Amino acid sequence: MTIREDIAPATKPFRIFVVEDDLWYGELLVHHLTLNPDYEVRRFENARDAIANLHLAPDVITLDYSLPDMNGDEALKRLKVELPNVAVVVISGQENISTAIDILKKGAYDYIVKDDEAKERLWNTVNNIRSNVELRHEVDQLREQITNRYDMSNLLIGNCEAMRKVYQLIGKAAQTQITVSLSGDTGTGKELVAKAIHFNSSRSKSPFIAINVASIPRELLESELFGYEKGAFTGANARRSGKFEDAHGGTLFLDEIGEMDISMQAKLLRVLQEKEITRLGSSEVVPVDVRIIVATHKNIADETSKGNFREDLYYRLLGLPIKLPPLCERGNDILILAKHFLDTFCVENKLSKKSLTPEAKDKLLFYRFPGNVRELKAVIELAAVMADGNQITPADITFTATKTPTDLLDQDLTLEEYDARIIRHYLNRFDDNVLEVAARLNIGKSTIYRMLKEGKL
């Protein structure tokens, strides 16, 4: 949804209910609170009228302890049942400490005695509540932004059959707590998939912690994962929590798990079995509740057979396997992704909108992309910078590798894959006109329709 720039989005006013049967005192509180023009204040003479208007979603309710229709205890209970998160400030003529303590234990935000300082104390209390509400709204907005950011429709782009299967598996994984093992070449988007699973799961409001096992020296990996106590080793000047503790309640993503040292694998297995860790230099056992997602570009089954990976850990981590296809097997997804990266880059860098010429599209389609989606993104961003006009031509596209459209026959493809590449090339060239392509290639249009239906194009 797009918001018009000339129309400011509506914001909810900060709404206060004053529940007070004493007309003079009630109007005094209303007058004092409305000195802040941002406050919308309404007065009610009894609790029932206030409860009947809770659909207006007040942020604060000031509640006289002695009302004609019900006492403070009963009114507070009713209000908290209807609106559990509303801040209720009880105002009473009673200076009894035990009453105040009891009211606060039952969920009141504050207890204010009706004396000469009541107005100022209420003013300060309401301002504090407003600050907390605004902070909570900011946090909620950030959470929503993060969730939207990792919504599969925004994150995982493409419509080939292989990716549709990936989307289905992500959905299944997000609904459960099963361990997920991601495999695929470097640059296929394994961490993005891990984030999509986390932020669409019941753990979305808890941390997502990622660690690349291959980037951590093996002698430091244990302390990174499990933490350490002060003095545990040279340079350990203070206690530090590890990634498992940091991810408590959330998800821990272990990238390149296939690079983990065999001795470290045994320690990881124990943590997964016992659901507890012990920091280096400590005997204290710390329970951890963590969902595990692992990823690797290696074939872990092969590594297990070679003795490089523990068989018991392999089966512990296998869980729900999701294999991400290389970009060269995703057909027209290359152009879908290219358009997405191009549009995003132009917006972020305040460039005029650019498009790919048919020849530029051909160049992308016939390139193998050994760096997969990550490489495509880099190629497109560079092309956007190099293009002089609003169209990106083949001359603007630079590949790090040496493969070009003329190298098609050098690619390790099956005959069916070669056919698909050629047909897709002509479909793009002739704007998906199946009849025209069938005539040009001298093949039956039913063949093209079948390959489209099967997701091979």
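Okay, residues lined up against (1) crowded, with 16+ Cβ neighbours inside 10 Å; (2) assigned by TED's automatic domain parsing to the domain that holds TYR167; (3) under 26 Å from the mean Cα position of the chain (by Cα):
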residue	(1), (2), (3)
LYS306	no, yes, no
ASP312	no, yes, no
GLU375	yes, no, yes
ILE392	yes, no, no
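Identify, from the list ASN159, ASN237, the residue that is free of Cβ contacts under 8 Å to residues at least 12 places away in the same chain and part of a loop (DSSP other than H, G, I, E, B). Before you say what the answer is, go through the steps one by one.
Values: ASN159 fails: free of Cβ contacts under 8 Å to residues at least 12 places away in the same chain.
Residue meeting the stated conditions: ASN237.
Looking at (1) at pLDDT 90 or above; (2) more than 15 Å from GLU256 (Cα to Cα); (3) not β-branched (Val, Ile, Thr), which one does LEU225 not meet, given that it meets all the others? Of the numbered conditions (1) at pLDDT 90 or above; (2) more than 15 Å from GLU256 (Cα to Cα); (3) not β-branched (Val, Ile, Thr), the odd one out for LEU225 is (2). Pairs linking a residue in segment 172-201 that is touching a residue at least 40 places away in the same chain (Cβ under 8 Å) to a residue that is among the basic types (Lys, Arg), with Cβ atoms under 7 Å and 6 or more positions apart or on different chains, are GLN177/ARG291; LEU182/LYS190; SER183/LYS323; GLY184/LYS190; GLY184/LYS323; GLY187/ARG374.
Could you tell me which residue of segment 308-345 is farthest from LYS361 (Cα to Cα), considering only residues that are without any contact (Cβ under 8 Å) to a residue 60 or more places away in the chain and of a type in the set (Val, Ile, Thr)?
THR344
Do you know which of the residues in segment 183-232 that are outside any loop (DSSP other than H, G, I, E, B) and of a type in the set (Asp, Glu) is nearest to GLU245 (Cα to Cα)? Ranking the candidates gives GLU224 first. Scanning segment 399-432 for residues that are of a type in the set (Val, Ile, Thr), at pLDDT 70 or above and assigned to a helix (DSSP H, G or I) yields a count of 2. Would you mind stating whether ALA395 is modelled with pLDDT of 90 or more, under 16 Å from LYS339 (Cα atoms) and among the hydrophobic types (A, V, I, L, M, F, W, C)? No; evaluated as a whole, the condition is false for this residue. Scanning segment 101-126 for residues that are touching a Phe, Trp or Tyr at 6+ places or on another chain (Cβ under 8 Å), in contact (Cβ under 8 Å) with a residue 12 or more places away in the chain and more than 23 Å from TYR39 (Cα to Cα) yields a total of 1.
Surrounded by fewer than 16 Cβ atoms within 10 Å (Cβ to Cβ) and either more than 22 Å from THR186 (Cβ to Cβ) or not assigned by TED's automatic domain parsing to the domain that holds ILE170 (or both): does that describe SER215? Judged against the criteria, SER215 is not a match. When ASP73, ASP69 are checked against the criterion of being over 42 Å from the mean Cα position of the chain (by Cα) and of a type in the set (Asp, Glu), ASP69 stands alone in meeting it. Of all positions in segment 254-263, at least one carries a residue that is in contact with a Leu (Cβ under 9 Å, 6 or more places away or on another chain) and surrounded by fewer than 17 Cβ atoms within 10 Å (Cβ to Cβ). Within segment 441-457, if we keep just the residues that are surrounded by 14 or more Cβ atoms within 10 Å (Cβ to Cβ) and touching a Leu at 6+ places or on another chain (Cβ under 8 Å), the residue that is nearest to ILE422 (Cα to Cα) turns out to be LEU457.
For segment 68-88, the candidate set comprises residues that are more than 16 Å from LEU54 (Cβ to Cβ) and not polar (S, T, N, Q); within that set, the residue that is modelled with the highest pLDDT is PRO68. Residue count for segment 263-294 under the criterion of being within 27 Å of SER204 (Cα to Cα) and assigned to a strand (DSSP E or B): the result is 10.
The values are calculated or read from the model by the stated rules, or taken from the named source; none is laboratory data. Since we're looking at a predicted model, the values are computed, not measured. So basically every Cβ, Gly included, is an ideal-geometry build from the backbone, and we count neighbours across all protein chains shown.
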